[in-house]
1. For region 63-95, how many residues meet the condition of being within 14 Å of V47 (Cα to Cα) and assigned to a loop (DSSP other than H, G, I, E, B)?
2. Do the conditions hold for F49, that is, is it at pLDDT 90 or above and aromatic (F, W, Y)?
3. Please enumerate the residues belonging to region 37-80 that are touching an Asp or Glu at 6+ places or on another chain (Cβ under 9 Å) and β-branched (V, I, T).
Amino acid sequence: MSKAQRIRQQSARERIAAQQAAARRAEQRRKMLWFGGAIVVVIAVVVRFEIFCLRELARADDYELLHLTRRGWTIAILFSIPFGGMAYLLFGRAR
């Protein structure tokens, strides 16, 4: 095999390796985009739930609140996401 043929063969291998590496990077980007999209959806759902809980708390009369004051429920909802909101909906309001 001549030197020119070896160089061509080597450059063909390098091109194939570069194409495979590019394909792997593209697959990783697709996975990251999907994962990033899932995170955005989860965050949006949690934020919407928090807004819902705070709105329900704001609409409730003082005599309807159980176990904590309005300020207490607000702190619980905001600082223990999403468990504070669930606790308020389950235990903090009169049915």
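1. Applying the first criterion (within 14 Å of V47 (Cα to Cα)) to region 63-95 yields 77-86.
If we keep only those that are assigned to a loop (DSSP other than H, G, I, E, B) as well, we get 80-82.
Summing the residues that are within 14 Å of V47 (Cα to Cα) and assigned to a loop (DSSP other than H, G, I, E, B) in region 63-95 gives 3.
2. Criteria met by F49.
3. T69, I77
The values are calculated or read from the model by the stated rules, or taken from the named source; none is laboratory data. None of these values were measured; they are calculated from a predicted model. No Cβ is skipped: glycine too gets one built from the backbone with ideal geometry, and neighbour counts run over all protein chains shown.
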